[in-house]
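Shown next, in structure tokens, is the structure this report addresses.
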Amino acid sequence: ASMLAARSHADSSINERRLRPVYDYLDNGNHKKALQEAEKLLKKQKDFSCAKALKALALVRLSRSDEALAVLNELQTEAPTDDATLQAMTLCYRELERPELVVEAYERATQKEPQNEELLSHLFMGYVRVGRPREQRRTALALHRLRHKNPYYFWAVMSLVLEAAQPATAPAERSTLLLLAQRMVDKFVKEKRLEAEAEVQLYLMVLEMQEKYQEALDVLHGPLGDCLTSYLDFVPQRKVELLSKLCQWDQVNSVCKSLLLKSPDNWQYYQQYLDSVEKLQASGWTPETDTSEDGSGQLSPSVDHTYAMALAFIDSLRESGKGGLLRGASMAHVAVMVREKAGPDILADLLMDFFTRTGHKPSCLLDLSYLIGLCAFSSEDTVKLVDRMEDSLKASLPDDWQRPPDVSAMQRHLTVCQLRHYMSNGGHHLSLEDRLHVARDIFASYQHGLQFGVDLLPTDFQPADNYAVLAGCLLLEHWQESGDCRLLLRLLVALEQALLHSPSCFQIKLLLLKIYARIGAAGSCHHVAELLDIKHIQHDTLGYLVTPVYLKAGHFQAASANMNVALKLFTGNYKDTTDYLIACYKYGSFTKIQEMMRFRERLNNSLHFALLTADKMILELLLEAKSQESLKQVLTSMEIDPVNDKVEWSALTDNRDVRIFREWGATRRKLLDEYLERTRQEEILWLRVRNLLLRLLAACHQLSQLHQSVQPSPAAAGGDCAGNGRPLANGERAPGGSTGGLLAVATSLLDCLREAAQEADSMPPQPQPYPVLCPQPGRLGPFASGGCLKVLLASFQWFLDLYKLSEELSTEAPTVEIKVGDGLVPLVKSMVSKVKDLKVDSLHSTHVFLEALANAAEVVGWCSLVAAVGGSLARPVRHAVAKKGKKKTKEAGSTDEAPQKQFVTLLGELEAAAADLHAVVGQAPVDLLTTLVASINLDQEDPFLPGTNEVNKQVRQRIEQSYADSFKELGAMLDSKLKLLQSLRA
């Protein structure tokens with residue numbers, strides 16, 4: 001045996017030495033050389049499985065996937081068991097995105113070596129990757145039988161939990177699975193074999209999923225509770241949660257008091273404490289008389305069962321001074337008085353006291369906004385409160401209360417300014433001139449406050465940054481009502497100047513992004529977005545601020561690059577989260593597994609992801625399809641399924657983060673929620689439209705291909721032929737699909753698009769103006785009102801009419817007059833006319849004009865694509881008639897040529913419309929850049945901040961360049977579509 005082992009080790013060393021060059025070439029990215037080296041080894045040793053696997057890996061990286069799969073299939077039949085081969089195969093399948101084949105490889109390997117712990121462990125992780133909890137459990141138990149290790153046993157328990165948590169699991173089966181999981185852990189508890197904290201946490205999870213809260217509480221109180229970490233009061237906090245579910249409010253109260261004595265500024269503990277007091281007082285609970293001699297029947301600390309007792313406890317914490325300035329205790333005092341239904345005057349006094357204590361802290365604004373909402377103050381009460389706060393500032397600093405001498409005083413003044421605007425809607429009762437005066441004062445306070453951040457690092461925020469943000473919000477609202485272009489440019493210059501003082505202030509960047517988006521300056525948006533450095537999950541939460549702006553302004557290259565980066569997050573989501581799941585199993589972080597799976601599903605079902613995917617495909621079609629052949633290639637590579645809708649509509653999640661903008665007013669929050677729901681519905685409808693357009697185009701393409709397959713080749717000697725040379729019987733279809741079924745699918749999709757268009761037309765217009773923090777209106781409204789959807793409906797209807805006509809002509813000539821596409825041309829002309837009639841006299845109207853122009857250019861692009869697909873339907877009919885060798889009447893011959901003539905006429909009309917639109921694009925830079933932008937001169941205007949001359953030039957140049965780039969890219973796209981339309985005449 002020792003000799004065999006030595007020989008095996010020697011063989012392994014030799015193989016490793018032979019494979020070293022292949023590994024080196026793969027690591028260095030020289031995949032062609034790696035392939036050559038692997039093939040050399042296989043010539044010498046045909047059954048060298050690891051060399052085969054590395055050959056497959058080289059083929060995968062050379063984009064020769066079919067050849068790689070052939071090699072891998074051969075390996076699968078051999079069922080290798082050595083780790084090097086299996087790891088190489090795993091790499092191949094991961095890069096091919098075929099994780100189920102990794103499982104198959106390890107299943108075959110474990111059948112050969114069922115006692116191999118390493119292979120079984122890899123098989124378990126393979127099942128984790130593909131989400132098969134039942135097989136996970138079976139493999140984990142096999143591992144535990146082989147090596148009696150606790151982690152393997154609890155992998156099986158966790159697999160049971162996941163199986164129970166699956167949506168498809170019936171309630172009865174779920175209960176059975178969870179009970180089985182509990183009994184498995186109970187067995188280890190009785191045998192005292194629980195070793196790790198993660199195992200106890202999993203036990204608690206199983207009990208809570210069954211709503212066995214008392215048993216979970218017993219675990220925490222028992223010896224197993226000692227295994228749990230005390231980090232951040234984990235055990236007491238879990239006790240509070242369980243006791244709350246059991247409605248044992250006296251014990252909740254006692255535990256919360258003990259937590260507050262240790263952490264007297266923890267607001268979460270105060271909320272739980274006050275909830276327990278409310279429940280106890282409402283139920284009339286009183287402590288039972290303790291009859292035991294040692295007082296063991298009493299809870300410690302004692303229970304506070306009335307608000308009076310709660311106030312006494314809170315005041316004792318506040319007066320003790322433990323932990324410094326206790327914001328939590330002061331807020332809890334206000335919360336108690338609110339629950340006691342105190343009057344507005346008493347509550348206002350408490351809030352004034354809170355402002356006096358904590359007004360010098362940046363957190364004071366958030367605290368006060370929460371408390372004002374809690375007190376349910378009216379607008380008048382809020383204004384009175386803010387006036388009192390302002391009077392207190394004037395009393396303490398009579399001469400320079402607006403130009404405070406230190407940071408603390410400045411923060412108090414800033415808090416008052418922000419409260420006046422956000423909480424009391426302070427700017428809305430002012431005239432435009434007064435609002436402008438207030439904004440000037442705030443910018444002056446900002447300039448004064450810069451002295452307090454002179455020595456800060458570039459990564460630090462300036463203490464006065466929020467002055468600039470507040471002034472920006474005020475002036476943006478002012479501009480929405482007045483439409484003053486010079487005012488908006490002055491605001492942009494001031495914010496860009498503020499950004500130079502505080503390069504890391506994301507609030508200023510976000511505000512700039514919003515303003516540039518509202519004037520259609522996509523190039524300036526791109527500059528700010530690069531400064532924001534949006535990464536990873538932010539592509540989902542903040543992507544709505546960037547990508548639509550590029551598409552609306554016709555910045556297609558920037559949009560494409562942005563979408564490529566963003567889509568990497570979503571396409572890599574499954575792989576990345578699976579790696580995290582495997583790490584959770586390896587390190588026993590069972591409580592994070594379901595959380596990670598929910599995160600993965602939320603990303604997979606992201607509305608933004610679905611929109612990005614559709615928009616990226618449409619953009620690729622518009623930019624890359626420059627001929628019939630390239631259109632065919634692009635559509636084939638996209639693999640669009642016209643029959644099956646792959647979007648999980650009911651599961652779509654809106655992950656937009658709008659609350660990153662600072663807004664605390666209750667009325668604005670309500671407006672935001674309404675607006676968010678409205679925009680969500682609009683975005684879903686917009687996604688439906690985009691999805692239907694793609695599927696319709698794919699269906700039309702497939703119909704065109706099927707039609708061509710049943711027409712004779714121009715080179716044929718005569719007669720209709722199938723692909724194998726066999727003549728087709730009358731009405732027979734070539735292999736590859738049913739035209740009747742596909743035509744029904746296309747007709748159904750067109751009906752769905754018509755319904756979506758009607759729904760879009762019935763939507764009320766967006767409210768104007770809308771709050772700063774609300775997302776910009778989506779693309780659906782302007783797209784529908786501009787007549788774009790009507791043109792698209794007519795273009796696809798034209799194709800289907802032409803298809804039906806060509807099918808009729810291929811069998812017998814109809815006797816009725818043929819008119820195809822008559823409704824399309826007037827709609828295209830009307831759409832272009834609407835764009836030409838738009839008046840451009842401000843920066844906002846420039847944004848409207850650019851969006852309308854981009855929409856019209858896209859629709860012309862769609863029409864050219866549909867025409868390219870339909871072009872093959874008109875021509876073959878004439879060939880078919882010419883080859884028949886049968887006598888036709890003159891009328892029948894002219895009927896056969898009618899589709900071709902009408903097609904040429906339609907192409908001419910589309911070319912004219914595209915040329916007309918192209919002329920608008922060509923003339924726009926002259927009208928817009930030389931007239932509008934040049935007229936907005938700030939030389940005679942008083943800037944909001946000093947020293948902004950250079951910034952002023954940069955802002956103007958970026959806006960002008962952005963508009964110029966928009967016209968350039970729109971012109972280029974229209975050029976390519978004109979060439980496509982002209983090529984269809986041939």
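The values are calculated or read from the model by the stated rules, or taken from the named source; none is laboratory data. All of these numbers come straight from a predicted model, not from anything done at the bench. Note that each Cβ is placed from the backbone with ideal geometry, even for glycine, and that neighbours are counted across all protein chains shown.
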**Message:** It is to be established whether one or more residues within the range 204-213 are under 22 Å from F234 (Cβ atoms), in a loop (DSSP other than H, G, I, E, B) and either of a type in the set (K, R) or touching a strand residue (DSSP E or B) at 6+ places or on another chain (Cβ under 7 Å) (or both).
**Reply:** yes
**Message:** Restricting to the range 606-664, give me the number of residues that are in a loop (DSSP other than H, G, I, E, B), without any contact (Cβ under 8 Å) to a residue 12 or more places away in the chain and either within 30 Å of C417 (Cα to Cα) or under 20 Å from the mean Cα position of the chain (by Cα) (or both).
**Reply:** 1
**Complete:** All-but-one check, M389 against (1) in a helix (DSSP H, G or I); (2) within 16 Å of G328 (Cβ to Cβ); (3) under 42 Å from the mean Cα position of the chain (by Cα), failing number (2)
**Message:** Looking only at the range 515-545, how many residues end up being more than 20 Å from S845 (Cα to Cα) and of a type outside the set (D, E)?
**Reply:** 16
**Request:** Confirm whether E380 is exposed (fewer than 15 other Cβ atoms within 10 Å of the Cβ), farther than 24 Å from Q462 by Cβ and modelled with pLDDT under 90.
**Result:** yes
**Message:** Can you find, within the range 214-238, the residue that is modelled with the lowest pLDDT among those that are surrounded by fewer than 16 Cβ atoms within 10 Å (Cβ to Cβ) and assigned to a loop (DSSP other than H, G, I, E, B)?
**Reply:** S230
**Prompt:** Taking the range 516-544, which residues are in contact (Cβ under 8 Å) with a residue 40 or more places away in the chain, aliphatic (A, V, I, L, M) and in a helix (DSSP H, G or I)?
**Reply:** A517, A522
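Here is a yes/no grid of residues against (1) among the aromatic types (F, W, Y); (2) more than 41 Å from the chain's Cα centre (by Cα); (3) not in a helix (DSSP H, G or I):
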site	(1), (2), (3)
E16	no, yes, no
Y23	yes, no, no
L42	no, yes, no
D47	no, yes, yes
V60	no, no, no
**Message:** Looking only at helices (runs of 4 or more DSSP H) that lie completely in the range 99-183, which have at least 1 residues being among the basic types (K, R)?
**Reply:** 99-112, 117-130, 133-146
**Asked** Regarding L742, is this residue at pLDDT 95 or above and in a helix (DSSP H, G or I)?
**Response** no
**Item:** the range 392-416, subset in a helix (DSSP H, G or I) and charged (D, E, K, R), residue modelled with the lowest pLDDT
**Value:** K394
**Prompt:** Going through the range 297-354 one residue at a time, which ones are of a type in the set (V, I, T) and under 24 Å from R388 (Cα atoms)?
**Reply:** V334, V336, V338, I346
**Prompt:** Do we find that G449 is assigned to a helix (DSSP H, G or I), more than 24 Å from S524 (Cα to Cα), of a type outside the set (A, V, I, L, M, F, W, C) and out of contact with any Asp or Glu (no Cβ under 7 Å at 6 or more places or on another chain) in this structure?
**Reply:** yes
**Request:** Would you check which residues across the range 437-459 are in contact with a helix residue (DSSP H, G or I) (Cβ under 7 Å, 6 or more places away or on another chain) and more than 25 Å from L488 (Cβ to Cβ) and list them?
**Result:** F452
**Prompt:** Going by the structure shown, is D641 closer than 30 Å to A744 by Cβ, buried (at least 20 other Cβ atoms within 10 Å of the Cβ) and among the acidic types (D, E)?
**Reply:** no
**Message:** Just to check your reading of the model, which residue among L495, L487 is within 20 Å of V951 (Cα to Cα), at pLDDT 95 or above and crowded, with 16+ Cβ neighbours inside 10 Å?
**Reply:** L495
**Message:** Name the residue that is surrounded by the fewest Cβ atoms within 10 Å (Cβ to Cβ), counting only residues in the range 441-466 that are of a type in the set (S, T, Y) and under 12 Å from L945 (Cα atoms).
**Reply:** S445
**Prompt:** For the range 576-605, which residues satisfy the criterion of being outside any helix (DSSP H, G or I) and of a type in the set (G, A, S)?
**Reply:** G588, S589
**Asked** Within the range 336-346, is even one residue surrounded by 15 or more Cβ atoms within 10 Å (Cβ to Cβ) and within 22 Å of V772 (Cα to Cα)?
**Response** no
**Prompt:** Hey, P943 hits all of (1) at pLDDT 80 or above; (2) part of a helix (DSSP H, G or I) but one; which does it fall short on?
**Reply:** (2)
**Item:** Which numbered condition L652 fails, given (1) touching a strand residue (DSSP E or B) at 6+ places or on another chain (Cβ under 8 Å); (2) over 19 Å from T571 (Cα atoms)
**Value:** (2)
**Prompt:** Can you spot a residue in the range 492-512 that is in a helix (DSSP H, G or I), basic (K, R) and in contact (Cβ under 8 Å) with a residue 60 or more places away in the chain?
**Reply:** no
**Asked** Does any residue of the range 80-89 turn out to be closer than 21 Å to A105 by Cα, more than 37 Å from the chain's Cα centre (by Cα), surrounded by fewer than 16 Cβ atoms within 10 Å (Cβ to Cβ) and modelled with pLDDT of 90 or more?
**Response** yes
**Item:** Cβ pairs under 7 Å, 6+ apart, first in the range 228-256 and of a type in the set (S, T, Y), second part of a loop (DSSP other than H, G, I, E, B) and surrounded by 18 or more Cβ atoms within 10 Å (Cβ to Cβ)
**Value:** S254/V303
